[in-house]
1. Ranked from the most accessible area to the least, with a 1.4 Å probe and all protein chains present, what is the order of Val155, Val276?
2. Apply 1/(1 + (r/R0)^6) to the Cβ-Cβ distance of Ala357 and Glu110, taking R0 = 22 Å, and write down the FRET efficiency to the nearest 0.05.
3. Nearest 5 is fine: what % of DSSP beta bridges in the stretch 89-152 come out antiparallel, could you say?
4. For the stretch 73-153, just the Cα atoms, rotate onto the principal axes and tell me the three extents in Å, largest first.
5. Sort Phe196, Phe404, Phe130, Phe166 from largest to smallest accessible area, using a 1.4 Å probe on the heavy atoms of the protein chains.
6. Say the cut-off is 29 Å between C-alpha atoms; which of Lys178/Lys366; Lys121/Lys268; Lys173/Lys195; Lys268/Lys317 go over it?
7. For the stretch 82-188, give the percent of accessible area contributed by carbon and sulfur heavy atoms, probe 1.4 Å, rounded to a whole number.
8. Apply the Karplus parameterisation 6.51 cos²θ - 1.76 cosθ + 1.60, with θ equal to phi minus 60°, to every residue of the stretch 319-327 and state each ³J(HN,Hα) to the nearest whole Hz, in sequence, with x for glycine and proline.
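The values are calculated or read from the model by the stated rules, or taken from the named source; none is laboratory data. Not measured: the values here are computed from a predicted model. Cβ placement follows ideal geometry from the backbone for every residue including glycine, while neighbour counts extend to all protein chains displayed. Note: accessible area is taken over every heavy atom of the protein model, side chains too, but ligands, DNA and RNA are not part of it. Shrake-Rupley method; radii C 1.70, N 1.55, O 1.52, S 1.80 Å.
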Amino acid sequence: MLTRFRDDCDASHPAQAGLAKPKSVGVESELRELAGPDATPTGLAVDAPALQPGISGSVRRRVLIIVENLPVPFDRRVWSEATTLSRHGYEVSVICPKGPGATASFEIIEGIAVYRHWLPKEGRGVLSYFAEYGAALFCEFVLSMKVLTTRGFDVVHACNPPDLIFVVGAFHKFLFGKSFIYDQHDINPEFYEAKFGRRGLLWRVLVLLERMTFALSDLSIAANQSYRTIAIERGRMNSDRVFVVRSGPNLSRVRSLPPDPAWKKGSKFLVAYVGVIGEPEGIDLLLESIKHIRKRGRDDVQFVIVGSGPALEEAKKLAMTFELDELVTFTGRVDDETLFTILSTADVCVDPDRPNAMNDKSTMNKTMEYMAIGKPIVQFDLTEGRVSAGEASLYVQNTDTAEFGDKILELLDDPARRDRMGAFGQKRIHDELAWDHETANLLSAYERVFSLRSSSSRQRRAAVPELSRRDSPR
């Protein structure tokens, strides 16, 4: 996770942000909801619920998305989900952390209410994780109560990591009858095993937390088929309650731009990496590959590494140790225009994610964006990497950095092959994998969860007269 900006947990009042204050729903109305729409306590005036466009014949549907990993709108998957739901008539609120470029405690973006909270600076030790996750959980709970008593919500949509948000979801589910959706972005037990090279007590705790999250879920959303299998087998979810919603690129955002030769710094070729700079992402392996390329006497290739993360400074030091300063540019985090200009300028894009149980089962956003821009890829041979890229990529076995470098040069020296691979990837994104193809799956998941809510509500209302008959004098 990225370094956070310091501030207080409470989101600023909407009126202080120059926005109209949302009408208060109040806890009393939430309690009325548990008794069913026909129950109206004496002395309480009940407003008729407003119909939402795109949801025919039903009252407004309200969603609270909670995400800790990144702020929105920079978490691309979460933002695609939020905007899709909003466009189809759902009233969406989001709770997320603050971060660079997202420091406002409260704002409305494209009709979506975004509540942001402070988190301590990210550390690497166990105690720092406890501090970070504890602070996040507290802030998420406080802000969820704020949303509950202002905008209101029917569904808590929890996006991991970590697998702790179910605590907030459980409170609202058991006390106020809210539904709970688990959107599994990462598989934390596999992440722990990949990071530390072992299992153990903490690994078992992560499996337990994941299992508890699945157990609370009315429905779960998986990022790919590998994650769906985990939800069904390890999470013990019914298969008809697990929906696959892939993290396809949003083509309204991902676009080709005119190349800028300045990024090549006088070299003939440019190779680009875009993504998180962390240990699992294998930037050290990429730098080893660049070192191999230089040893082969190639001085006509420039590299750009775009992104930020906990291993950024270590990566910069390693590049200096390898004497690659003149060949590698670290940009840090950049805006979309800069990002897509770099990708449009690149001749080859790389995905050096380290082969392990987590990466093997995970879909990488960067791979999909490379394909959307029409760029050929070099990556290590991972199951979901092959599922996504197919013939748009060359694959390297294990962590052979020399072969990785050789594959990069192989593509740079074969422009016709680069064009074929890039065209294949771009067509696959447009025809199958773009976010537009996933919206139907997301909306189907929400139709299912609201259908379950309606069924549960009918059962509660039916139980009331049955209990009355049993209690009546005979």
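1. In descending accessible area the options line up as Val276, Val155.
2. Numbers: r = 37 Å, r/R0 = 1.68.
Once the sixth-power term is evaluated, E becomes 0.05.
3. So the antiparallel bridges in the stretch 89-152 amount to around 50 percent.
4. Sorted from largest, the Cα extents of the stretch 73-153 read 43, 27, 18 Å.
5. Result of the area sort, largest leading: Phe130, Phe196, Phe166, Phe404.
6. Details: Lys178/Lys366 35 Å; Lys121/Lys268 40 Å; Lys173/Lys195 34 Å; Lys268/Lys317 26 Å.
Over 29 Å Cα-Cα: Lys178/Lys366; Lys121/Lys268; Lys173/Lys195.
7. Details: 2180 of 3240 Å².
About 67 percent, which is the carbon plus sulfur part of the accessible surface.
8. For the stretch 319-327, the Karplus curve yields 4, 5, 4, 7, 6, 10, 3, 7, 9 Hz.
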